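The structure appears right after this line, and notes come after that.
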Amino acid sequence: MMQTPLLLTQMIERAEKYFPQKQVISRTESGIQRFTYKEWGQRTRRLASALTKLGMQEGDKIGTLAWNHHRHLEAYFAIPCSGAVLHTINIRLSPQHVSYIINNAEDQILLIDSDVVPLIEKIQHELNSVKAYIIMTDSDTLPETSLHPVYHYETLLKEGDPSFAFRDDLDENAPAGMCYTSATTGNPKGVVYSHRGTVLHSLSLGLTDTTGISERDVALPVVPMFHVNAWGLPFAAVWFGTTQVLPGPYFTPKILAELMESEKVTVSAGVPTIWLGLLNELESNTYDLSTVRYLLCGGSAAPRGMIKTFEQKYNIPFMHAYGMTETSPLAVVSVTKSYLETEDYEEQLNIKAKQGLLVPGLEMKIIGKDGEVKWDGQEMGELALRGPWIASEYYKDERTQDSFRDGWLYTGDVVTIDEEGYIKIVDRTKDLIKSGGEWISSVDIENALMAHEEIFEAAVVAVPHEQWQERPIACVVVKEQAKGKLDKQEIYEFLRPQFAKWWLPDDILFLDEIPKTSVGKFLKRALREQIQENMKEV
Ligand code: ADP
């Protein structure tokens with residue numbers, strides 16, 4: 001067979017050639033803007049030529065600090081298709097982490113949304129490698145800024161060449177992108193994506209038995225383009241000619257619901273907290289979301305109760321998936337095998353609530369106390385993965401040796417696998433509650449709590465215990481209408497039939513809000529610290 005390189009260049013060229021009239025719909029600070037793939041392709045080429053004029057060279061890292069919009073999507077292709085490396089930076093991280101990331105990656109140019117400018121001004125003096133700042137804004141003028149040298153994105157584009165030629169001579173193993181994990185502990189860890197890895201990952205998103213993204217879809221990635229490349233959706237969508245709806249800055253559940261309705265969105269993707277917010281909105285206002293084929297949910301476990309409400313009450317199909325920055329991210333998707341389909345919804349839900357089956361193209365093993373675990377849905381072990389879109393190391397980071405061994409990525413996630421091969425994430429190794437030599441899954445208790453009609457959010461964390469080593473404590477946020485009415489006893493009554501006695505939390509705390517990470521996951525470290533602080537005071 002021929003050995004032709006797999007390059008991102010082929011994706012944008014396909015969109016330009018076959019789908020010039022399909023659209024990128026972008027919500028920006030000034031409203032909704034629409035571009036055909038033809039117009040967007042020309043803008044992307046203008047950007048590539050402008051960056052080249054500014055001195056961008058093969059292998060240079062170019063950072064983006066931006067929301068989901070058309071300009072960010074232009075950078076997604078202009079940079080790698082010119083041989084440079086697209087480095088998407090999480091704008092919700094602390095200034096110290098953003099500074100660490102930019103210096104660790106040695107970014108040469110930064111493309112910044114105007115509302116992120118103050119963050120970069122704060123750390124500008126620490127950024128040794130950055131030679132130019134480009135501000136992305138709808139306004140004709142630049143905001144007042146101390147950044148230097150600074151350029152106006154749209155002015156650069158005007159001066160750029162709309163027929164700039166992309167590189168078709170790149171090595172498919174050359175770096176195309178970079179992303180850092182969102183660092184629940186320590187400094188963020190960098191992952192470098194190759195052209196080949198990204199192309200193969202995009203192909204996997206198009207498989208009918210995974211997410212099946214196609215030309216017919218209207219895709220709305222809610223997951224930020226700085227969080228594992230919006231799970232790869234923007235790449236796949238361009239390649240397949242899929243209409244994309246990019247929700248822009250500061251969206252609310254209401255804005256999302258309106259966009260889904262007005263643009264007739266068919267697939268959308270986000271973390272559970274996004275979907276919990278949307279559910280709340282659907283409970284207060286009516287929308288026609290009948291075009292939605294599925295809501296893709298990953299990043300942390302999708303609560304069973306939430307899946308059920310979407311599917312049963314609102315008739316919106318749900319798809320649960322698992323992955324991480326190191327896995328591009330799609331690794332496991334819950335799709336029901338034909339012969340497991342039944343009329344019994346609760347049985348279907350048992351499958352849907354699991355993270356699912358390994359995506360074709362990847363390999364896995366699950367290592368328990370005594371080697372590989374049995375496929376019995378009971379024995380727990382750490383999930384290890386390998387494959388063409390799984391990272392092989394962290395970028396310039398000693399922690400590589402902790403996670404990458406003998407050609408495998410050790411995910412740090414504890415899982416079980418059932419007779420049919422469906423994987424269930426039990427917990428992250430560091431969040432598992434070790435009680436008297438046994439393990440308690442914080443995720444299982446959280447899911448049970450969030451299935452209670454009057455509970456909005458719940459997180460369960462371990463606290464140190466003299467006799468048992470660790471014990472679970474539950475933190476719950478009660479829905480507005482049940483505030484002050486739902487008490488601990490009722491919650492215990494609700495949990496009791498579902499768990500062994502020793503799994504029940506030692507206490508249930510009522511909070512106004514669960515602290516979240518920069519990508520919307522429950523920030524358990526903060527909860528643990530908060531609870532321990534309170535315990536000291538008592
Ligand atoms: P971070 O590690 O900073 O949270 P990632 O987005 O890379 O950033 O997170 C990957 C982790 O998220 C996985 O290792 C796993 O623990 C968790 N995760 C992802 N998807 C799911 C899911 N569907 N269910 C449970 N946990 C998940």
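Tabulated results
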quantity	calculated
For S290: the one exception among (1) in a loop (DSSP other than H, G, I, E, B); (2) closer than 25 Å to Y180 by Cα	(2)
Residue count, segment 131-149 (criterion: touching a Gly at 6+ places or on another chain (Cβ under 8 Å) and either more than 23 Å from H70 (Cα to Cα) or part of a loop (DSSP other than H, G, I, E, B) (or both))	1
Segment 419-438 - residue that is surrounded by 15 or more Cβ atoms within 10 Å (Cβ to Cβ), within 24 Å of W502 (Cβ to Cβ) and in contact (Cβ under 8 Å) with a residue 60 or more places away in the chain and, of those, farthest from the ligand (Cβ to nearest atom)	S435
Qualifying positions in segment 260-279 - without any contact (Cβ under 8 Å) to a residue 60 or more places away in the chain, within 19 Å of T211 (Cβ to Cβ) and either surrounded by fewer than 21 Cβ atoms within 10 Å (Cβ to Cβ) or of a type in the set (F, W, Y) (or both)	K264, T266, W275
Single condition L340 does not satisfy, out of (1) surrounded by fewer than 19 Cβ atoms within 10 Å (Cβ to Cβ); (2) on the phi > 0 side of the Ramachandran plot	(2)
Of all residues making up segment 317-356, the number that are away from the ligand (no atom under 12 Å from the Cβ) and either part of a loop (DSSP other than H, G, I, E, B) or aromatic (F, W, Y) (or both)	10
Any hit, segment 290-299, residues being surrounded by 19 or more Cβ atoms within 10 Å (Cβ to Cβ), among the small types (G, A, S) and at pLDDT below 95	yes
Index of the failed condition, E258 passing every other in (1) within 18 Å of Q23 (Cβ to Cβ); (2) modelled with pLDDT under 95	(2)
Qualifying positions in segment 216-242 - closer than 20 Å to V335 by Cβ, in a loop (DSSP other than H, G, I, E, B) and more than 16 Å from the ligand (Cβ to nearest atom)	R216, D217, T242
Residue list for segment 154-198, filter: assigned to a helix (DSSP H, G or I) and surrounded by fewer than 23 Cβ atoms within 10 Å (Cβ to Cβ)	E154, T155, L156, L157, K158, E159, R196
Test: residue in segment 439-452 that is hydrophobic (A, V, I, L, M, F, W, C), touching a Phe, Trp or Tyr at 6+ places or on another chain (Cβ under 8 Å), within 15 Å of L527 (Cα to Cα) and surrounded by 21 or more Cβ atoms within 10 Å (Cβ to Cβ)	no
Residues located in segment 480-538, provided they are within 30 Å of T88 (Cβ to Cβ), out of contact with any helix residue (DSSP H, G or I) (no Cβ under 7 Å at 6 or more places or on another chain) and basic (K, R)	K521, K524, R525, R528
Filter result (of a type in the set (V, I, T) and modelled with pLDDT under 95) within segment 174-208	T181, T184, T185
Qualifying positions in segment 2-16 - more than 11 Å from F166 (Cα to Cα) and either among the hydrophobic types (A, V, I, L, M, F, W, C) or not in a helix (DSSP H, G or I) (or both)	M2, Q3, T4, P5, L6, M11, A15
Cβ pairs under 9 Å, 6+ apart, first in segment 183-212 and more than 14 Å from V85 (Cα to Cα) and among the acidic types (D, E), second assigned to a loop (DSSP other than H, G, I, E, B) and within 14 Å of the ligand (Cβ to nearest atom)	D209/V335; D209/V359
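The values are calculated or read from the model by the stated rules, or taken from the named source; none is laboratory data. Quantities reported herein were computed from a predicted structural model and do not represent experimental measurements. Every residue, glycine among them, receives a Cβ derived from its backbone with ideal geometry; neighbour counts consider all protein chains shown.
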